[in-house]
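Trainee: Structure incoming, see below.
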Amino acid sequence: MSTMRRRFLLDSMWMTAALVAGCRAPAFHPTSDRTVVQTLPGLPTTDGAGVRLTRVIGQPALRHLDPFLMLDRFHSDDPSAYLAGFPDHPHRGFETVTVMLDGHMRHRDSRGNSGLIRGGGSQWMTAGRGLIHSEMPEQERGLMSGFQLWLNLPAKEKLCPPYYQDLGPERLAEAKLSAAGSRMRVIAGRPNDLAGPVRERPTQPTLLTLTLEDDQPFELELPAEHAAFAFVHGGEVDFGPESRTKKVGADMLAVLSPGKRLRVRATNQRSAVLIAAAKPLGEPIVQRGPFVMNTEAEIHRAIEDYRNGVLDKG
């Protein structure tokens, strides 16, 4: 039997099994290379006490990308755009991830926890049952730049105890990609066998940043069935195999197809990319601001717990 025919039969069996199981098969692709299926810019908005930022996931054009609930980009050297910060606010039912590129952010919560997120570092916070916390810039001038990403939790873990991982720059895994100094820094997951420091999570996330100093192509291995996106926050980048590349410019999100490999190549200038992938949960998403649950009744309970001062108790 030829290799091509064997591959066709295996693919056909996979699609048939998915239909028999009653699940909806993801878009079929004849190769294991990821391609760009959608691009979109972020939407300028404000949050917290007036922090100016760009909402990328969580806007009308892309409400969710299961299990990703929100992606915000903040980037300004104007203190008036960020100094007000994010005073006390509640969370329940999901995880927040802060990726700091430049600047410093101090977090505190209602349980007495406190920490500093430094430029080049990250914080992975599991809100779980709930807490009330603040995130405030700890600087009065200079560039404040980074991301906040929200990931959903499965129903069985939405009321788990809160947990923090404060990750200084020195704790992130790093690999050099080219002689010109291109590099990959891994926060979560194990792309290309480079293990990030974030503990095992239910959505099995991969989260990394790329700094590309030349046009040397780079192939990234990702779990084939995971939802994935890339956000270009500097320069211009081609994604996908040579026969199907898609050029994505600065401040644009690229939603990626399923597949095991993602080919990345900066075009003709220094470029920077945030890449994330995670296992979809396939559960109902009911969101009211900082509360993300599976049913309306659970949302009403979260609101009542917050009003009664017991959101972070138990």
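Trainee: Exactly one of (1) open to solvent by 20 Å² or more (accessible area, probe 1.4 Å); (2) modelled with pLDDT of 95 or more; (3) within 29 Å of Pro202 (Cβ to Cβ) is unmet by Asn113. Its number?
Mentor: (2) is the only condition that Asn113 fails.
Trainee: Just need a number here: residues in the range 48-66 that are exposed (fewer than 15 other Cβ atoms within 10 Å of the Cβ) and either assigned to a strand (DSSP E or B) or modelled with pLDDT of 95 or more (or both). Can you show your working first?
Mentor: So the first thing to find is which residues in the range 48-66 are exposed (fewer than 15 other Cβ atoms within 10 Å of the Cβ), and the list is 49-50, 60-61, 63.
From the residues that got through so far, the ones that are either assigned to a strand (DSSP E or B) or modelled with pLDDT of 95 or more (or both) too are 60-61, 63.
The number of residues fulfilling the criteria is 3.
Trainee: Check the range 297-308 and report whether any residue there is within 19 Å of the chain's Cα centre (by Cα), open to solvent by 40 Å² or more (accessible area, probe 1.4 Å) and over 23 Å from Glu221 (Cα atoms). Please lay out each step first, then the result.
Mentor: The initial filter retains those residues of the range 297-308 that are within 19 Å of the chain's Cα centre (by Cα), namely none.
Within the range 297-308, none of the residues are within 19 Å of the chain's Cα centre (by Cα), open to solvent by 40 Å² or more (accessible area, probe 1.4 Å) and over 23 Å from Glu221 (Cα atoms).
Trainee: Is there a residue being within 30 Å of Gly282 (Cα to Cα), among the hydrophobic types (A, V, I, L, M, F, W, C) and touching a Pro at 6+ places or on another chain (Cβ under 9 Å) anywhere in the range 233-251?
Mentor: no
Trainee: While we're on this one: Which of the residues spanning the range 138-165 are crowded, with 17+ Cβ neighbours inside 10 Å, more than 30 Å from Val310 (Cβ to Cβ) and out of contact with any His (no Cβ under 7 Å at 6 or more places or on another chain)?
Mentor: Met144, Gly146, Phe147
Trainee: Another question, if that's okay. Just to verify a result, which residue in the range 74-88, among those that are within 27 Å of Leu172 (Cβ to Cβ) and part of a strand (DSSP E or B), is most open to solvent (accessible area, probe 1.4 Å)?
Mentor: Result: His75.
Trainee: Might you let me know whether the range 211-226 holds any residue that is open to solvent by 20 Å² or more (accessible area, probe 1.4 Å), part of a strand (DSSP E or B) and either in contact with a helix residue (DSSP H, G or I) (Cβ under 6 Å, 6 or more places away or on another chain) or closer than 26 Å to Lys158 by Cβ (or both)?
Mentor: Yes, because at least one residue in the range 211-226 is open to solvent by 20 Å² or more (accessible area, probe 1.4 Å), part of a strand (DSSP E or B) and either in contact with a helix residue (DSSP H, G or I) (Cβ under 6 Å, 6 or more places away or on another chain) or closer than 26 Å to Lys158 by Cβ (or both).
Trainee: Here's a follow-up. Pick out the one residue from Ala175, Ala180 that is more than 16 Å from Arg34 (Cβ to Cβ), at pLDDT 95 or above and not β-branched (Val, Ile, Thr). Give the derivation first.
Mentor: Details: Ala180 fails: at pLDDT 95 or above.
After applying the criteria, what remains is Ala175.
Trainee: Grab the strands (runs of 3 or more DSSP E) fully contained in the range 236-295, keeping just those with 3 or more residues being buried (at least 16 other Cβ atoms within 10 Å of the Cβ). Please lay out each step first, then the result.
Mentor: Working: elements: 236-239, 246-249, 252-256, 261-266, 271-278, 286-288, 291-293.
Passing ranges, in order: 236-239, 252-256, 261-266, 271-278, 291-293.
Trainee: A further question follows. What's the total number of residues in the range 125-137 that are surrounded by fewer than 22 Cβ atoms within 10 Å (Cβ to Cβ) and of a type in the set (Val, Ile, Thr)?
Mentor: Of the residues in that region, 1 qualify.
Trainee: Additional query: For Arg190, work out the one condition from (1) of a type in the set (Lys, Arg); (2) modelled with pLDDT under 95; (3) within 19 Å of Leu151 (Cα to Cα) it doesn't fulfil.
Mentor: Status for Arg190: all satisfied but (2).
Trainee: Next up: Does the range 94-105 contain any residue that is of a type in the set (Asp, Glu) and closer than 15 Å to Arg73 by Cα? Spell out the reasoning first.
Mentor: Filtering the range 94-105 down to residues of a type in the set (Asp, Glu) leaves 95, 102.
Still in the list and also closer than 15 Å to Arg73 by Cα: 102.
For the range 94-105, residues of a type in the set (Asp, Glu) and closer than 15 Å to Arg73 by Cα: present.
Trainee: Since Asp102 meets every condition but one in (1) modelled with pLDDT of 95 or more; (2) over 20 Å from Asp251 (Cβ atoms); (3) surrounded by fewer than 19 Cβ atoms within 10 Å (Cβ to Cβ), which condition does it not meet?
Mentor: (2)
Trainee: In this structure, does Pro258 turn out to be farther than 23 Å from Arg73 by Cα and in contact with a Pro (Cβ under 7 Å, 6 or more places away or on another chain)?
Mentor: Working: farther than 23 Å from Arg73 by Cα: yes; in contact with a Pro (Cβ under 7 Å, 6 or more places away or on another chain): yes.
Criteria met by Pro258.
Trainee: If you don't mind, there's one more thing I want to ask. State the number of residues belonging to the range 181-213 that are touching a Leu at 6+ places or on another chain (Cβ under 9 Å) and among the acidic types (Asp, Glu).
Mentor: 1
Trainee: Okay, moving on. Mind checking which residues of the range 115-174 are basic (Lys, Arg) and over 29 Å from Val232 (Cβ atoms)? Step through it out loud before you land on a result.
Mentor: From the range 115-174, those basic (Lys, Arg) are 118, 129, 141, 156, 158, 171; that's our starting set.
Within the range 115-174, Arg129, Lys156, Lys158 qualify.
Trainee: Take Leu151 and tell me if it is under 26 Å from Ser76 (Cβ atoms) and among the hydrophobic types (A, V, I, L, M, F, W, C). Steps first, answer last, please.
Mentor: Values: under 26 Å from Ser76 (Cβ atoms): yes; among the hydrophobic types (A, V, I, L, M, F, W, C): yes.
Considered against the rule, which asks whether it is under 26 Å from Ser76 (Cβ atoms) and among the hydrophobic types (A, V, I, L, M, F, W, C), Leu151 comes out as yes.
The values are calculated or read from the model by the stated rules, or taken from the named source; none is laboratory data. Quantities reported herein were computed from a predicted structural model and do not represent experimental measurements. Backbone-built Cβ (ideal geometry, glycine too); neighbour counts: all protein chains shown. Note: areas computed on protein heavy atoms with side chains; ligands, DNA, RNA excluded. Shrake-Rupley method; radii C 1.70, N 1.55, O 1.52, S 1.80 Å.
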